[in-house]
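Structure incoming, see below.
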Ligand SMILES: Cc1cc2nc3c(=O)[nH]c(=O)nc-3n(C[C@H](O)[C@H](O)[C@H](O)COP(=O)(O)OP(=O)(O)OC[C@H]3O[C@@H](n4cnc5c(N)ncnc54)[C@H](O)[C@@H]3O)c2cc1C
């Protein structure tokens, strides 16, 4: 058996034993909140084991890189589980063959070699794809270099909105309909094409392009999961063509992770519903034509009282806006200033008796009380998409850093000639390849049974977003003081990456309540 498979077998077996012990401790997840730290640790270790399995199956062209990433992840799992091993009665450690393979894989010389090769290639990493997907990647990269890269810094520094031209050109090229079925006006190229597109756009700018596909993806998947046929026919082609841009509004000032506690209300009225309440952090709400909004209908408490609406609104391009409907309904929005993720603008919203027609209650009469489930179906797609965003941002950091260390001279040599620089760059590359392996695997799985693949999409989001944070920060360190200067893009990458583990399930909640819960469940 080759070293990759030896390590995979040992790491996966350890993670499986940890999951089995945690299931027993939490009574199949029923007592999850009594053992939060245990579940969090085990869920993360299981995610790392899943990444190892995806890396072990990676194409031969990236075998050396995958081998290094596998060894590092396998070495991390016992450390991660150490604090909770006594509670689980878990013996940590690997057999002699796996331990030897890991020791060989994490040897500094391996990562130094990878770092040196990355400098040589200026950070461009090859991941082999079939002809169609390779063409998608090449075309999007050319588009992003031409239309996004020249504006990315300006948008970030001046906190401007995504240029309209980027949206209209992306719409013309069909980027909003990549994973929407052909029957509804999409291209049905699948989730991997969508991820490759997202990666390339995010490599140019997370905020000025890479995040534009997230919202249509979330709404499209929610509609496919629970919209009526008429709603699918009405909305999906317009989302796929980019004719309408969407925002997603779940979070409220007092309701974040506890989505089932959403308080914004929708009251029935003649021919529709009146929305009243506060929402928070609604990204792109100014420019958006519609907001997919989760609101409470009726008196049922908790998740079963929530319903999803598609709310029309006029477009606004600034940092605040106010709109009034002929019937007297009002909607105001004000963007919160943020250190990164500029270009999208995330708004606090206040709705007062804002009218939404009956036809825009997702799922019609049958959709009343189903909003939570539909929103979660949408979030699975959003999380997958965010895995792609994270990989694109990490790729950008690797390229900028490889370029920088090749040129920056200290102690009479390019800093990239030093073993420690090469080692750090090698780690950046091996982490990135690991994020890519699980994200691509999740994309392929989401083309099949989406419901079954949702926990994998959550793992991909969890892992890839951590990688983006880590890799951008390491890149910043390798830039020294200049990494903190606005004129170097790495400082923007660091600021942008920070948001990734926060939205679509803030990291501790995603680990515990999405990944952890699915693992603890007997069906997990
Ligand atoms: C830039 C940006 C853009 C966003 N865009 C959108 C958007 O477009 N639409 C939208 O709806 N939302 C959006 N969000 C909101 C985002 O999804 C929420 O911030 C996130 O879900 C967390 O909610 P919260 O901020 O209220 O944190 P909280 O729920 O208050 O959580 C804070 C911390 O408390 C701890 N915690 C909470 N509950 C538990 C528990 N049960 N057990 C253990 N620990 C717990 C965790 O450590 C958690 O990290 C955006 C946020 C940002 C920053």
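Quick one: residue 509 ticks every box in (1) in contact with a helix residue (DSSP H, G or I) (Cβ under 6 Å, 6 or more places away or on another chain); (2) in contact (Cβ under 8 Å) with a residue 24 or more places away in the chain; (3) surrounded by fewer than 24 Cβ atoms within 10 Å (Cβ to Cβ); (4) within 30 Å of residue 27 (Cα to Cα) except a single one, so which number is it?
(1)
Looking only at the range 112-144, count how many residues are under 26 Å from residue 427 (Cα atoms) and either in contact with a helix residue (DSSP H, G or I) (Cβ under 7 Å, 6 or more places away or on another chain) or touching a residue at least 60 places away in the same chain (Cβ under 8 Å) (or both).
Residues in the range 112-144 being under 26 Å from residue 427 (Cα atoms) and either in contact with a helix residue (DSSP H, G or I) (Cβ under 7 Å, 6 or more places away or on another chain) or touching a residue at least 60 places away in the same chain (Cβ under 8 Å) (or both): 18 in total.
Please go through (1) within 18 Å of residue 439 (Cβ to Cβ); (2) touching a residue at least 40 places away in the same chain (Cβ under 8 Å); (3) within 13 Å of the ligand (Cβ to nearest atom) for residue 459 and return the number of the only condition it doesn't satisfy.
Of everything listed in (1) within 18 Å of residue 439 (Cβ to Cβ); (2) touching a residue at least 40 places away in the same chain (Cβ under 8 Å); (3) within 13 Å of the ligand (Cβ to nearest atom), residue 459 misses just condition (3).
Here's another thing I want to ask about it. Out of the range 220-234, which residues are in a helix (DSSP H, G or I) and more than 12 Å from residue 177 (Cα to Cα)?
Step one: list which residues in the range 220-234 are in a helix (DSSP H, G or I), which gives 220-226, 229-234.
Those that are in a helix (DSSP H, G or I) and more than 12 Å from residue 177 (Cα to Cα): 222, 223, 224, 225, 226, 229, 230, 231, 232, 233, 234.
Sticking with this structure for a sec: What do you reckon, is residue 388 within 26 Å of the chain's Cα centre (by Cα), away from the ligand (no atom under 16 Å from the Cβ), surrounded by 24 or more Cβ atoms within 10 Å (Cβ to Cβ) and touching a residue at least 60 places away in the same chain (Cβ under 8 Å)? Before the answer, list the steps.
Details: within 26 Å of the chain's Cα centre (by Cα): yes; away from the ligand (no atom under 16 Å from the Cβ): yes; surrounded by 24 or more Cβ atoms within 10 Å (Cβ to Cβ): yes; touching a residue at least 60 places away in the same chain (Cβ under 8 Å): yes.
Yes; evaluated as a whole, the condition is true for this residue.
Which one of these is within 30 Å of residue 154 (Cα to Cα), surrounded by fewer than 17 Cβ atoms within 10 Å (Cβ to Cβ) and either within 18 Å of the chain's Cα centre (by Cα) or away from the ligand (no atom under 16 Å from the Cβ) (or both): 182, 243? Before you say what the answer is, go through the steps one by one.
Working: 182 fails: within 30 Å of residue 154 (Cα to Cα).
Among 182, 243, only 243 is within 30 Å of residue 154 (Cα to Cα), surrounded by fewer than 17 Cβ atoms within 10 Å (Cβ to Cβ) and either within 18 Å of the chain's Cα centre (by Cα) or away from the ligand (no atom under 16 Å from the Cβ) (or both).
Also: Which of the residues spanning the range 269-283 are in contact (Cβ under 8 Å) with a residue 24 or more places away in the chain and either surrounded by fewer than 20 Cβ atoms within 10 Å (Cβ to Cβ) or away from the ligand (no atom under 11 Å from the Cβ) (or both)?
Of everything in the range 269-283, those that are in contact (Cβ under 8 Å) with a residue 24 or more places away in the chain and either surrounded by fewer than 20 Cβ atoms within 10 Å (Cβ to Cβ) or away from the ligand (no atom under 11 Å from the Cβ) (or both) turn out to be 269, 271, 272, 273, 274, 275, 276, 277, 278, 280.
So is residue 238 modelled with pLDDT of 95 or more, out of contact with any helix residue (DSSP H, G or I) (no Cβ under 6 Å at 6 or more places or on another chain), more than 8 Å from the ligand (Cβ to nearest atom) and part of a loop (DSSP other than H, G, I, E, B) or not? Before you say what the answer is, go through the steps one by one.
On the way: modelled with pLDDT of 95 or more: yes; out of contact with any helix residue (DSSP H, G or I) (no Cβ under 6 Å at 6 or more places or on another chain): yes; more than 8 Å from the ligand (Cβ to nearest atom): yes; part of a loop (DSSP other than H, G, I, E, B): no.
In short, no.
Between a residue in the range 256-268 that is in a helix (DSSP H, G or I) and any residue that is away from the ligand (no atom under 11 Å from the Cβ) and modelled with pLDDT of 95 or more, which pairs come within a Cβ distance under 7 Å, given they are 6 or more apart or on different chains?
259/372; 260/302; 260/303; 260/372
Another question, then. Tally time: how many residues in the range 16-39 are farther than 22 Å from residue 53 by Cα and either in contact (Cβ under 8 Å) with a residue 60 or more places away in the chain or in contact with a strand residue (DSSP E or B) (Cβ under 8 Å, 6 or more places away or on another chain) (or both)? Explain how you work it out, then say what you get.
We begin by selecting, within the range 16-39, every residue farther than 22 Å from residue 53 by Cα; these are 24-38.
From the residues that got through so far, the ones that are either in contact (Cβ under 8 Å) with a residue 60 or more places away in the chain or in contact with a strand residue (DSSP E or B) (Cβ under 8 Å, 6 or more places away or on another chain) (or both) too are 25-26, 28-29, 32, 36.
So the count comes out to 6.
Considering only the range 413-430, I want to know if a residue exists there that is surrounded by 19 or more Cβ atoms within 10 Å (Cβ to Cβ), touching a helix residue (DSSP H, G or I) at 6+ places or on another chain (Cβ under 7 Å) and at pLDDT below 95.
no
Now for a separate question. With the checklist (1) buried (at least 17 other Cβ atoms within 10 Å of the Cβ); (2) within 12 Å of the ligand (Cβ to nearest atom) in hand, flag the one item residue 339 doesn't pass.
Going through the list (1) buried (at least 17 other Cβ atoms within 10 Å of the Cβ); (2) within 12 Å of the ligand (Cβ to nearest atom), residue 339 breaks only (1).
Looking at 185, 210, which one is at pLDDT below 95 and under 29 Å from residue 484 (Cα atoms)? So that I can check it myself, show each step before the final result.
Values: 185 fails: under 29 Å from residue 484 (Cα atoms).
Matching residue, one of 185, 210: 210.
Does residue 481 satisfy the condition of being away from the ligand (no atom under 16 Å from the Cβ) and closer than 20 Å to residue 118 by Cα? Spell out how you get there, then give the answer.
Details: away from the ligand (no atom under 16 Å from the Cβ): yes; closer than 20 Å to residue 118 by Cα: no.
In short, no.
Condition check: within 16 Å of the ligand (Cβ to nearest atom), surrounded by fewer than 20 Cβ atoms within 10 Å (Cβ to Cβ) and within 20 Å of residue 264 (Cα to Cα). Does residue 304 satisfy that? Break it down into steps so the answer makes sense when it comes.
Values: within 16 Å of the ligand (Cβ to nearest atom): no; surrounded by fewer than 20 Cβ atoms within 10 Å (Cβ to Cβ): yes; within 20 Å of residue 264 (Cα to Cα): yes.
No.
May I pose another question? Please pick out the residue among 81, 92 that is in contact with a helix residue (DSSP H, G or I) (Cβ under 8 Å, 6 or more places away or on another chain), closer than 23 Å to residue 26 by Cα and not in a helix (DSSP H, G or I).
Numbers: 81 fails: not in a helix (DSSP H, G or I).
Within the list 81, 92, the selection yields 92.
The values are calculated or read from the model by the stated rules, or taken from the named source; none is laboratory data. Predicted model only: the values in this text are computed from it and were never measured. Positions of Cβ are generated from backbone atoms using ideal geometry, with glycine treated the same way; all protein chains shown enter the neighbour counts.
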